[in-house]
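Structure record follows, encoded as structure tokens.
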Amino acid sequence: MFKTLFPKSLKLKLLLNTYLPFLGAGIQITHVSDDFLEIDVKMPLNKRNKNYVGTHFGGSLYAMTDPFLMLMLMENLGKDYIIWDKAAHIDFISPGRGTVYAQFRLSPKEIGQVKVAAESGKAICPEYTVEVLGEDGKVVAKVIKTLYVKKKQRTITQ
């Protein structure tokens, strides 16, 4: 019954908002679009994610950007593709004070480009940049995520 009453996007939002590493850091998923092309995340500053100098702990800033692009591609490309987070780089631009936010956006055009590039069966590694913003709209951190995408090989069974 749960499967039919609630869209998959709402189920993912509920699942992630009860995921212990996110709960521990205070990370909250505030929006998942039904087409999985948009995800919004926020993280208020609190005693669980505050560092020694009273600003956001860098590991929590990274954690709030970690799985979302991979999940978005998985939902949009489907089960015919292997998708992993391959690498990430984070630049801390300014101290995170108060609530910080990140928005993840993929366009149908970007999904199509990944699909075409992976059509040969060779692995591709698209890169995406996400900014973590403070309450004032200023950049707190910039994260570059590299994903691994490969179309699965079809095997013929007899």
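The values are calculated or read from the model by the stated rules, or taken from the named source; none is laboratory data. Computed from a predicted structure; not experimentally measured. With ideal geometry, Cβ positions are generated from the backbone for all residues, glycine too; neighbour counts draw on all protein chains shown. The area values use the complete protein model at the heavy-atom level, side chains included, leaving out ligands, DNA and RNA. Shrake-Rupley method; radii C 1.70, N 1.55, O 1.52, S 1.80 Å.
Odds and ends about this structure:
- Under 15 Å, Cβ to Cβ, from Tyr81 - net charge with Lys/Arg +1 and Asp/Glu -1: +3
- For the chain, a Gaussian network of Cα nodes joined below 10 Å ranks Lys145, Lys79, Lys13 by mean-square fluctuation, and the top entry is Lys79.
- Along the axis of the charge dipole computed for the range 1-137 (Cβ charges of +1 for Lys and Arg, -1 for Asp and Glu, origin at the Cα centre), the listed residues Ser94, Ile82, Pro108 are led at the positive end by Ile82.
- If the chain linking Arg97 and Ile144 were pulled fully straight, counting 0.36 nm for each residue of separation and taking away their Cα-Cα distance, it would gain 14.8 nm.
- For the chain, the per residue solvent-accessible surface stands at 60 Å², with DNA, RNA and ligands left out and a 1.4 Å probe.
- Fraction of accessible area attributable to carbon and sulfur, the range 50-140 (%, probe 1.4 Å): 55 percent
- HN-Hα J in Hz across the range 15-21 - Karplus 6.51, -1.76, 1.60, θ = phi - 60°, x for Gly and Pro: 4, 5, 6, 10, 5, 4, x
- Sum of side-chain charges, Lys122 neighbourhood, beta-carbon under 14 Å (Lys, Arg +1; Asp, Glu -1): +3
- The Kirkwood radius of the chain, taken over pairs of alpha-carbon atoms, gives through the Stokes-Einstein law at 37 °C and 0.692 mPa s a diffusion coefficient of 196 µm² s⁻¹.
- Solvent exposure ordering (accessible area, 1.4 Å, most first) of Lys122, Lys50, Lys11: Lys122, Lys50, Lys11
- Environment charge of Leu133, counting only residues whose C-beta is closer than 14 Å and scoring Lys/Arg +1, Asp/Glu -1: 0
- Cα gyration tensor shape for the range 1-89, rounded if a/c is under 1.5, else prolate or oblate: oblate
- Short-range pairs are left out: with C-alpha atoms under 8 Å and at least six residues apart, the relative contact order of the range 1-141 is 22 percent.
- Contour excess over end-to-end distance, with Cα ends at Val116 and Ala87 and 0.36 nm allotted per residue: 8.3 nm
- Using the Karplus relation 6.51 cos²θ - 1.76 cosθ + 1.60 with θ = phi - 60°, the per-residue 3J(HN,Hα) values for the range 116-123 come to 5, 5, 8, 4, 5, x, 7, 5 Hz, with x marking Gly and Pro.
- Per residue, the chain reaches -8000 deg cm²/dmol at 222 nm when only DSSP H runs of four or more residues are counted, each adding -39500 (n - 2.57).
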